[in-house]
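Student: Got a structure for you, written out below as structure tokens; questions coming shortly.
The values are calculated or read from the model by the stated rules, or taken from the named source; none is laboratory data. Note that this is a predicted model, so its numbers are computed, not measured. With ideal geometry, Cβ positions are generated from the backbone for all residues, glycine too; neighbour counts draw on all protein chains shown. These area figures cover heavy atoms from the full protein model, side chains too; ligands, DNA and RNA do not enter into them. Shrake-Rupley method; radii C 1.70, N 1.55, O 1.52, S 1.80 Å.
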Amino acid sequence: MSRRAIGWAAGAAAAVLVAAGAVTYAVADAGSGSGDGKAVLRVPSADSADAGFARDMAVHHQQAVEMSYIIRDHTKNEDVRRLAYDIAQTQANQRGMLLGWLDLWGLPKVSADPPMTWMGMGGMVTAKDGSLMPGMATNTQMRKLATLNGKQAEIFYLQLMTNHHKGGIHMAEGCVAKCTVGVEKRLAQGMVDAQQSELQVMAGMLKERGAEPLP
């Protein structure tokens with residue numbers, strides 16, 4: 001995979017962060033005027049899609065960050081390390097914003113409801129070996145990744161992250177459809193766009209290594 005293609009994907013991810021830089025502040029100003037020229041904060045409910053997406057995607061992103069730091073220490077391939085760094089930085093920043101919004105809204109960061117309840121999938125998603133949401137790697141897969149090195153580690157990371165992105169895109173599309181806070185919906189759409197471009201990059205990297213995505 002060419003550096004130009006990787007750079008394009010990184011640029012798309014960076015664009016999400018640049019746009020999101022104003023998002024945290026914009027959320028605080030969301031709402032109609034109060035009549036005295038001041039904005040009124042519209043706070044989503046704890047069981048809203050806005051809060052559910054923020055909670056669930058924060059957890060989903062955390063695993064992507066962990067995977068990316070593992071591969072950073074298990075390969076010397078510059079292209080894979082650069083991709084992993086971009087994913088880790090982007091998703092760590094987005095995770096911080098999602099948790100920051102929950103703080104801003106005065107809502108809990110955890111819920112007694114099963115993951116994906118906000119998408120109407122609470123009873124359909126069964127946690128299996130630590131895989132709490134669509135696309136998430138299992139605990140066994142995470143341990144396996146930590147034992148591999150070089151090309152084997154690169155392939156397994158790309159396979160796991162491909163599934164991870166597909167699950168993340170599904171969740172982000174759910175927020176685009178169901179969330180009510182405009183800036184959160186736009187951030188979710190930015191996640192969809194950036195991760196779709198990264199999926200193309202990872203498909204090329206897997207092909208270069210004679211491998212395919214996991215079934």
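Student: If the Cβ limit is 7 Å and pairs must be 6+ apart or interchain, which residue in region 176-190 that is free of Cβ contacts under 8 Å to residues at least 40 places away in the same chain and among the polar types (S, T, N, Q) pairs with which residue that is open to solvent by 20 Å² or more (accessible area, probe 1.4 Å) and part of a helix (DSSP H, G or I)?
Tutor: Cβ pairs passing all conditions: Gln189/Val176.
Student: Residue by residue through region 148-164, note down the ones that are outside any helix (DSSP H, G or I) and either β-branched (Val, Ile, Thr) or open to solvent by less than 30 Å² (accessible area, probe 1.4 Å) (or both).
Tutor: If we filter region 148-164 for residues that are outside any helix (DSSP H, G or I), which is where we start, we get 148-149.
Correct list: Leu148 only.
Student: List the number of the failed condition for Met133; all other conditions in (1) touching a Gly at 6+ places or on another chain (Cβ under 7 Å); (2) modelled with pLDDT of 95 or more; (3) crowded, with 20+ Cβ neighbours inside 10 Å; (4) farther than 22 Å from Asp79 by Cβ hold.
Tutor: Failing condition for Met133: (2).
Student: Tell me which of these Ala26 doesn't satisfy, since it passes every other one: (1) at pLDDT 95 or above; (2) open to solvent by less than 60 Å² (accessible area, probe 1.4 Å).
Tutor: (1)
Student: Which one is surrounded by the fewest Cβ atoms within 10 Å (Cβ to Cβ) among residues in region 52-78 that are in a helix (DSSP H, G or I) and among the charged types (D, E, K, R)?
Tutor: So the first thing to find is which residues in region 52-78 are in a helix (DSSP H, G or I), and the list is 52-72, 78.
Then drop every residue that is not among the charged types (D, E, K, R), which leaves 55-56, 66, 72, 78.
Values: Arg55: 23, Asp56: 25, Glu66: 14, Arg72: 15, Glu78: 10.
Ranking the qualifying residues of region 52-78, first place goes to Glu78.
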